[in-house]
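The values are calculated or read from the model by the stated rules, or taken from the named source; none is laboratory data. Quick caveat: nothing in here was measured; it's all calculated off a predicted structure. FYI the Cβ positions are ideal-geometry reconstructions off the backbone, even for glycines, and counts take in every protein chain you see.
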Amino acid sequence: MTVVGEIDLSRRYYMCPKCGASCLPLDQWSGLVSGMSTPAARRMLSLAGMSWSFDTASDHLAELCLLQVSNDTIRRVSEAEGKATQEWIAKSDRPGEVFKQAKGEQEFYTDGVTVNTTQGWRDLRLNVIDKRESVLPATPEKWADRVLPQPSVRIAWASLAACAQQGKAWKRMSRKLGIIDDDTLSVLADGAKWIWDQAAHCWKKAQWVLDVFHVSQHIHDCGKILFGEKNPQTQPWSQSQLQSLIEHGPVQYLKDLKALQAIHTEAQKIQALAALLGYLEPNVDSLWYRQRLLEGRPIGTGLIEGGCKTIVSNRLKLNSARWTPKHAEQLAALRCLDYSGLWSDFWTDRAA
């Protein structure tokens, strides 16, 4: 299989009569691998397979390139190259070289997307380490109006592994990329305790940042209990509470929240405020939004939220797809490779 279709090829086959070892020199020279496809063809099939469902990819290749190839062949090639991508990311020095050359402050993001697998619905965790230039300082009133610059570099990978294994993978990637463990590194996440625990094993001096939009959602959920979901006071109260947290800091805000809890007598409202406190108090060191705004640094996880949709959901949740766990990770690896801007680097090495 080539990029212009199938070509019949005759080649010599050699086998040692003593040891039984065999080889096909032409295959080695031309880059042919299992499946009898050229590197250029495998690149094309992988791009199609990671972009569309396999049957749609087959149709599009026929329409765009007049290339007749079955959806099963596209699937096999995509999965094989996804596995090769995982191995390349683990072994190649190129991701580290690209990362070290880029300018900006280091950021780490992580979030998960549930994917339908043969073992049931599993959490496929997407991780991104990037560098981003800081922006001009912003006041608390302008926090939602800021436009952050695009990262100068971003390296993404995805895994279905358990929490402890995720943490070990973060540490390995951190070493590969040459991450400097100081307060210029930001770890931004949704507040799950296991994330902070695993991140603490990787980076001791980083700044923890609880996603401001998750905080906003928790405050709004509390407001719906205090005032009623359709009460016109709910939205203004929630917005003012978030603004107060950003402007005055977590210590003062938690003090005010406890004072508010003390004046309520209804059990449901007391419980709602207790739930909000229970979410915020363990993350008090991750809520210093005002200072980060003054430094021109992010306070939300929009990058990883968008990545989860772009990398994972748009392909792995397409047409209610169901995956074996390893194949889900392999397809995600191809999409992460493209997202990270390493697509050409991988295929250059693959064809060498």
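Here are a few things to note about the model shown:
- Comparison of Thr85, Thr110, Thr114, Thr73 shows that the only residue that is of a type in the set (Ser, Thr, Tyr), outside any loop (DSSP other than H, G, I, E, B) and surrounded by fewer than 16 Cβ atoms within 10 Å (Cβ to Cβ) is Thr114.
- Residue within segment 34-48 that is assigned to a loop (DSSP other than H, G, I, E, B), modelled with pLDDT under 95 and of a type in the set (A, V, I, L, M, F, W, C) present: yes
- Test: residue in segment 191-198 that is modelled with pLDDT under 95 and within 19 Å of Gln291 (Cβ to Cβ): yes
- Residue check: Gln68 meets all listed conditions (1) under 25 Å from Ser344 (Cα atoms); (2) out of contact with any strand residue (DSSP E or B) (no Cβ under 9 Å at 6 or more places or on another chain); (3) at pLDDT below 95 but one, namely (2).
- Residue in segment 110-122 that is free of Cβ contacts under 8 Å to residues at least 60 places away in the same chain, more than 14 Å from the chain's Cα centre (by Cα) and within 17 Å of Asp211 (Cβ to Cβ) present: no
- Residue match in segment 241-249 (condition: surrounded by fewer than 12 Cβ atoms within 10 Å (Cβ to Cβ) and within 18 Å of Pro140 (Cα to Cα)): no
- Residue selected from segment 150-166 under the condition touching a residue at least 24 places away in the same chain (Cβ under 8 Å) and more than 15 Å from Ile304 (Cα to Cα), by the criterion surrounded by the fewest Cβ atoms within 10 Å (Cβ to Cβ): Ala164
- Within segment 98-107, the set of residues being under 28 Å from Lys326 (Cα atoms) and surrounded by fewer than 19 Cβ atoms within 10 Å (Cβ to Cβ) comprises just one member, Val98.
- Asn231 fulfils the conditions (1) assigned to a helix (DSSP H, G or I); (2) farther than 27 Å from Glu105 by Cβ except for a single criterion, (1).
- Considering segment 298-331, the residues that are polar (S, T, N, Q) and touching a residue at least 12 places away in the same chain (Cβ under 8 Å) include one that is farthest from Pro137 (Cα to Cα), namely Thr324.
Table: residues versus (1) assigned to a helix (DSSP H, G or I); (2) in contact with an Asp or Glu (Cβ under 8 Å, 6 or more places away or on another chain); (3) of a type outside the set (Asp, Glu); (4) under 20 Å from Asp338 (Cα atoms).
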position	(1), (2), (3), (4)
Pro151	no, yes, yes, yes
Ala158	no, yes, yes, yes
Met173	yes, no, yes, yes
Gly191	no, yes, yes, no
Trp194	yes, no, yes, no
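- Any hit, segment 217-224, residues being assigned to a helix (DSSP H, G or I), of a type in the set (D, E, K, R), more than 16 Å from Gly278 (Cα to Cα) and free of Cβ contacts under 8 Å to residues at least 60 places away in the same chain: yes
- The residues of segment 117-139 that are farther than 24 Å from Cys202 by Cβ and either assigned to a loop (DSSP other than H, G, I, E, B) or at pLDDT below 95 (or both), listed by number, are Gln119, Val135, Leu136, Pro137, Ala138, Thr139.
- Filter result for Gln207 (surrounded by fewer than 13 Cβ atoms within 10 Å (Cβ to Cβ), at pLDDT 95 or above and under 18 Å from Glu295 (Cα atoms)): no
- Within segment 332-352, tally of residues that are buried (at least 20 other Cβ atoms within 10 Å of the Cβ) and without any contact (Cβ under 8 Å) to a residue 12 or more places away in the chain: 0
- Annotation: of all residues in segment 300-331 being closer than 26 Å to Leu210 by Cα and in contact with a Leu (Cβ under 7 Å, 6 or more places away or on another chain), the one that is surrounded by the most Cβ atoms within 10 Å (Cβ to Cβ) is Ile311.
- Check on Leu245, among the aliphatic types (A, V, I, L, M), over 21 Å from Gln291 (Cβ atoms) and either part of a helix (DSSP H, G or I) or touching a residue at least 40 places away in the same chain (Cβ under 8 Å) (or both): no
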